[in-house]
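One structure below.
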Amino acid sequence: MAEGAIAADATRVFPLELDRRYPVVVKGDGAWVEDSAGKRYLDAMSGGSMAATLGHGRRDIIAAGARQAARLAYVHNERLTNPPREQLAAQLVEIAPPGLSRVRFVTGGAEANEMAIQIARAYHVERGESKRWQVISPAQAYHGPTMATLGLTGRPGLQAPFGPYLPRHGHIPPSTWRFDPTGQAALDALDKVLEEVGPENVSAYFCEPITAAALPAYSPPDRFWRGLAERRERHGFLVCFDEVVTGVGRTGQWFAAQKLPLVPDLIATAKGLGAGYAAIGAVLCADAVYQAFAAGSRRFTLGHTWDGAPMSCAVGLKVLDVIRSERLIERVRKIGPGLRDQLAHALQDVAMVREVRGHGFLLGIEYVDPRDGRSFLPPELGVARRIDLTAMEMGVIVYSTMPTRDGFAGDQTLFAPPFTTPETDLSEMVERVAATVRAVAAWVESRLR
Ligand SMILES: Cc1ncc(COP(=O)(O)O)c(C=O)c1O
């Protein structure tokens, strides 16, 4: 990787990690990207962040954006609207779960989540329930880097050093094999938090329906979702889904909510809506929520400069068109389970691999200490980082994390290729990832001996 990479402190960029060397990616085509030295990488992370769901170099999407830009690139949304914005909202309502009837555009995932928090809060105020502000959410989550979204997770490691700015919300542990295989402990924890904060003060339950980087491809059992629906009914809070990653096809449905036994009141979505060709996100809003504003103040005026801009909405329209015309939701749904099995099979005799999870093209590998098959790996081994660096050397991009100090998950790898990835490239990704994990597992075993 050395030639096509640049040391963080050798440039003027303020990078995320100052002791990392960053491959300088100069072009992309399909599921491949290439660095400045000509080294090619299989992009098993859809652009690194799961945004580039349709692969790189899509001339049709670029052309749709360019056509709109030539006609009208930008107008603001507060006093003006534009055809792509109107059309994209209408199309999102068509593909959304039933009852979600209004769309507010934003420019990214954290903005979508933050706006969902604001809409939920304003909804209660509109209805005269102004005490409701608290949000309850799973602790092991990531909803974005803004203050409100950082405040939604229960992860001290993610929140430091911003704690003083963050509101204190209630959290519940994940229903993983380690903590709560049935989902009942999570419901009990939810009841406990409701009791502590007082259900009359709760605005929303906020979560990813299927988790991305924080706990790859995890979703609580059905029992939890049914219990949540029942508590929503009883206590009157809203359910908000962060579908920033899962929205627009990633799990083999338009929205992951469509796989679950309850319909959320708000859905925040982003990445796959622009597919890496435009910065666009959206909040989808249940009709009942919208009606509170319609019957109340008739205003919700918070917004950003780029919300609903014609050029980004034109890209969003083309993204939906490509997904429909190439039948990509069906493809992800059909191929996803086999891809998970392929990955699980390739890793089946690696003692460090505890679980391979998958929902469509959102897959995750969970590692444990090979000595007992269940403890977190010792953090000082830095397994997640070693996996990603080794993968890069092997020419495949994955995304691993080590939230061990937060107490809910250890080292883990996310694998989320573009929906358009040819099957030969998918197999090659699996092979390279398996070779990576094997190499790192051998190193780990030598260190633990
Ligand atoms: C589940 C989830 N929510 C929210 C976000 C934040 O989105 P953005 O980076 O577009 O603000 C991310 C980003 O990775 C995410 O994975």
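Any read-out appearing in this document is the output of simple, stated calculations on the displayed coordinates, not a laboratory observation. From a predicted model like this one, the values you see are computed outputs, not experimental measurements. Note: ideal-geometry Cβ built from the backbone for every residue, glycine included; neighbour counts use all protein chains shown.
Of everything listed in (1) among the acidic types (Asp, Glu); (2) in contact with a helix residue (DSSP H, G or I) (Cβ under 9 Å, 6 or more places away or on another chain); (3) more than 16 Å from the ligand (Cβ to nearest atom), the single unmet condition for residue 3 is (2).
One line per residue, one yes/no per condition, for (1) surrounded by 24 or more Cβ atoms within 10 Å (Cβ to Cβ); (2) over 17 Å from residue 323 (Cβ atoms); (3) more than 16 Å from the chain's Cα centre (by Cα):
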site	(1), (2), (3)
248	yes, no, no
251	yes, no, no
256	yes, no, no
262	no, yes, yes
268	yes, yes, no
272	yes, no, no
276	yes, no, no
280	yes, no, no
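Taking the criterion of being within 23 Å of the chain's Cα centre (by Cα) and surrounded by fewer than 14 Cβ atoms within 10 Å (Cβ to Cβ), the residues of the stretch 81-98 that qualify are 94, 98. Evaluation of residue 98 against the conditions (1) closer than 21 Å to residue 236 by Cβ; (2) not in a loop (DSSP other than H, G, I, E, B); (3) not hydroxyl-bearing (Ser, Thr, Tyr) shows that the sole unmet condition is (2). So which helices (runs of 4 or more DSSP H) stay within the stretch 155-246 end to end and still have 3 or more residues that are surrounded by 15 or more Cβ atoms within 10 Å (Cβ to Cβ) and away from the ligand (no atom under 16 Å from the Cβ)? The helices (runs of 4 or more DSSP H) meeting that bar are 184-197, 222-235.
Taking the conditions (1) under 19 Å from residue 49 (Cα atoms); (2) among the aliphatic types (A, V, I, L, M); (3) in contact with a Ser or Thr (Cβ under 9 Å, 6 or more places away or on another chain); (4) more than 14 Å from the ligand (Cβ to nearest atom) in turn, residue 322 satisfies each one other than (1).
Those residues that are hydroxyl-bearing (Ser, Thr, Tyr) and without any contact (Cβ under 8 Å) to a residue 12 or more places away in the chain, I need them from the stretch 1-60; list them, please. Talk me through it step by step, then tell me what you get.
Of the residues in the stretch 1-60, the ones hydroxyl-bearing (Ser, Thr, Tyr) are 11, 22, 36, 41, 46, 49, 53.
If the condition is that a residue be hydroxyl-bearing (Ser, Thr, Tyr) and without any contact (Cβ under 8 Å) to a residue 12 or more places away in the chain, then 11 is the only one that fits.
Take the conditions part of a helix (DSSP H, G or I) and under 22 Å from residue 356 (Cα atoms) and apply them to residue 250. Does it pass? Spelling it out, it is not the case that residue 250 is part of a helix (DSSP H, G or I) and under 22 Å from residue 356 (Cα atoms).
Residues that are away from the ligand (no atom under 14 Å from the Cβ), not in a helix (DSSP H, G or I) and not basic (Lys, Arg) within the stretch 122-154 comprise 128, 129, 130, 133, 134, 135, 136, 139, 154, listed in sequence order.
Determine whether the stretch 273-288 contains at least one residue that is within 12 Å of the ligand (Cβ to nearest atom) and in a helix (DSSP H, G or I). Yes, the stretch 273-288 has at least one match.
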